[in-house]
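The values are calculated or read from the model by the stated rules, or taken from the named source; none is laboratory data. Not measured: the values here are computed from a predicted model. Neighbour counts run over all protein chains shown; Cβ positions are idealised from the backbone, glycine included. Heavy atoms of the whole protein, side chains included, go into the accessibility calculation; ligands, DNA and RNA do not. Shrake-Rupley method; radii C 1.70, N 1.55, O 1.52, S 1.80 Å.
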Amino acid sequence: EYEHGAKLLERLMLERRARFEKENPGKKYKEVSKPDTTVMSEPPEGWCWCSLEQLIEELRQGKSPKCENRNVESDDVWAVIKTSAIQPMEFLPFENKILPESFDVSEKWVINENDLLITRAGPRSRCAISCVVRKTKEKLMLCDKSYALSFPSDFVHVEYIEKLLNSPVYLHVIEKMKTGTSDSGLNITQRRLKNMVVP
């Protein structure tokens, strides 16, 4: 006996709303709109289509202050990743630059295990590369040209999303979502990423 994907998605949406209302009494909850799936084929039995936004708990973007161009492996020192830390299905935490001691790191920029990282800008071959953070060093933050997506672990297997975004079908979908006028400088916007339809 399995739970249909549509029922699971409905539970996720209800729990998200309940958590928001509990944490933000008096504030109005903004429903996540359903994606347009009219052009999609019928999903396999037990599955449904949804937008990435419906699955994401939080999407964060980093910051890139001026740094010394040397990496750091120590957990005692703050560093910011280079985009080269994000490889297809592999995270390289020591591809980083040491942060100035005076720089104040916001909690929203900190990289956590099980984050899904995506490069948001760069040359065509490096834009929208994605991987899961399976292991990281402490005191490591996102750079400006990267997104970190977190998912509710009791509903979504982040490795599934990682495999999906690195599959040939979705690499083709993502390629068409990139914007820019030159192959040397493309980007993928938060809106386009969130609107991506996934099974």
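Where strands (runs of 3 or more DSSP E) fall wholly inside region 38-132, the ranges with 1 or more residues that are under 21 Å from L164 (Cα atoms), touching a helix residue (DSSP H, G or I) at 6+ places or on another chain (Cβ under 7 Å) and among the hydrophobic types (A, V, I, L, M, F, W, C) are 58-61, 116-119, 130-132.
May I ask you to list the residues in region 17-35 that are surrounded by 10 or more Cβ atoms within 10 Å (Cβ to Cβ) and free of Cβ contacts under 8 Å to residues at least 24 places away in the same chain? If the condition is that a residue be surrounded by 10 or more Cβ atoms within 10 Å (Cβ to Cβ) and free of Cβ contacts under 8 Å to residues at least 24 places away in the same chain, then R17, A18, R19, F20, E21, N24, Y29, V32, S33, K34 are the ones that fit.
Scanning region 36-76 for residues that are hydroxyl-bearing (S, T, Y) and either more than 24 Å from R191 (Cα to Cα) or surrounded by fewer than 12 Cβ atoms within 10 Å (Cβ to Cβ) (or both) gives T38, S41, S74.
Number of residues in region 107-127 that are open to solvent by 10 Å² or more (accessible area, probe 1.4 Å) and either closer than 15 Å to L52 by Cα or among the hydroxyl-bearing types (S, T, Y) (or both) equals 1.
Within region 150-176, residues that are touching a residue at least 60 places away in the same chain (Cβ under 8 Å) have Cβ atoms under 7 Å from residues that are of a type in the set (V, I, T) and surrounded by 12 or more Cβ atoms within 10 Å (Cβ to Cβ) in these pairs: F151/I56; F151/V158; F151/I161; E162/V132, counting only partners at least 6 apart in sequence or on another chain. The residue list A128, A148 contains one member that is at positive phi and modelled with pLDDT of 95 or more, which is A128.
Looking at region 152-168 only, could you name the residues that are modelled with pLDDT under 95 and hydrophobic (A, V, I, L, M, F, W, C)? Correct list: F155, V156.
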